[in-house]
Amino acid sequence: MIAASAKIHPLSVVEEGAVVGENVVVGPFCHVGPRVVLHDDVELLAHAVVTGRTTIGRRTRIFSNAVIGGDPQSLHHDGAETTLVVGEDCTIREGVTMNTGTTEGGGETVVGNGNLFLANSHVAHDCRIGNGVILSNNVMLAGHVRVDDRAILGGGSAVHQFTRIGRQAFIGGLSAVSYDVIPYGMLNGNPGILGGLNVVGMSRAGMEKPVIHQVRRAFKQIFEAEGSIRANAAAIRGDYADCPPVIEILDFIAADSDRALSSPHRGKG
């Protein structure tokens, strides 16, 4: 079904079965598969490909040579039809690739709203991307990675499968992210080392200085005190009951995960 207001270039292919919303623009030499849904005001620039069982949210723009909704690059994929859901107001630049999920991973790759994916970045099968996330050029997310709201990943960084990156974390360019990164954490290097907190990002997000000071104090208690990270985090919970950002970090640390935690000293904890 193609809305009457959609503008589809005659040199593009929109296969029968695709759903194309109001005011969608499909530029020349694009390909839209038969199980694709393009919601209102989506724009595909020349040579963009959207395939698989893929849904693209309103006002999202997909630039040239991006391939969105390709099969998962997994040896365990059994060929079953899986999905990719991309939210609203995303910008997906040249050469970006996003894959559908795998059956063993829940069958769905999910990308939230207002995200920016710069050229040649990759979102693998079964990833979960929050809102307001930035993947810079050539960022590589392996399968089953979770990236929470407003995290920023610098150019060329690579994230190991099943790794979690917390809200508003910052990953430096060319970093190797092998272990979970706490909310507001700042990680750099290969192997990636947790160097502190994303104080600049916290300030830009409107966090007040007294709250930032509390988070910094908690960070030192968790990562610089004797004992394990998880034990230190559990020990201070009662002291920060009125500080939501610290509680967010503590909950992240306490949650079950397939990966260890990045730390300042050992690379993991």
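The values are calculated or read from the model by the stated rules, or taken from the named source; none is laboratory data. Since this is a predicted model, take the numbers as computed values, not measurements. As a convention, Cβ positions derive from the backbone with ideal geometry for all residues, glycine included, and neighbour counts pool all protein chains shown.
Taking the listed residues Asn131, Asn232, the one that is in the same structural domain as Asn115 (by TED's automatic domain parsing) and on the phi < 0 side of the Ramachandran plot is Asn131, with no other qualifying. If the condition is being over 18 Å from Val24 (Cα atoms) and crowded, with 24+ Cβ neighbours inside 10 Å, then region 73-95 contributes Thr82, Leu84. Out of region 108-126, which residues are assigned to a loop (DSSP other than H, G, I, E, B) and either under 23 Å from Ser64 (Cβ atoms) or among the polar types (S, T, N, Q) (or both)? Matches in region 108-126: Asn113, Gly114, Asn115, Leu118, Ala119, Asn120, Ser121, Ala124. Among the residues of region 98-117, are any acidic (Asp, Glu), over 20 Å from Ala158 (Cβ atoms) and at pLDDT 95 or above? Within region 98-117, one or more residues are acidic (Asp, Glu), over 20 Å from Ala158 (Cβ atoms) and at pLDDT 95 or above.
Results for (1) modelled with pLDDT of 95 or more; (2) in a helix (DSSP H, G or I); (3) touching a strand residue (DSSP E or B) at 6+ places or on another chain (Cβ under 8 Å); (4) of a type in the set (A, V, I, L, M), shown as yes or no for each residue.
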position: Leu187; (1), (2), (3), (4): yes, no, yes, yes
position: Gly196; (1), (2), (3), (4): yes, no, yes, no
position: Gly201; (1), (2), (3), (4): yes, yes, yes, no
position: Met207; (1), (2), (3), (4): yes, no, no, yes
position: Ala231; (1), (2), (3), (4): yes, yes, no, yes
position: Ile253; (1), (2), (3), (4): yes, yes, yes, yes
position: Ser263; (1), (2), (3), (4): yes, no, yes, no
position: Arg266; (1), (2), (3), (4): no, no, no, no
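If you go through region 127-171 and keep only what is crowded, with 24+ Cβ neighbours inside 10 Å, assigned to a strand (DSSP E or B) and of a type in the set (A, V, I, L, M, F, W, C), you end up with Ile129, Leu135, Leu141, Val147, Leu153, Val159, Ile165, Phe170, Ile171.
Pairs are defined by a Cβ separation below 8 Å, a sequence spacing of at least 6 or placement on different chains, a first member in region 183-206 that is within 19 Å of Ile253 (Cβ to Cβ) and not assigned by TED's automatic domain parsing to the domain that holds Glu224, and a second member that is outside any loop (DSSP other than H, G, I, E, B) and among the polar types (S, T, N, Q); the pairs so defined are Gly195/Asn188.
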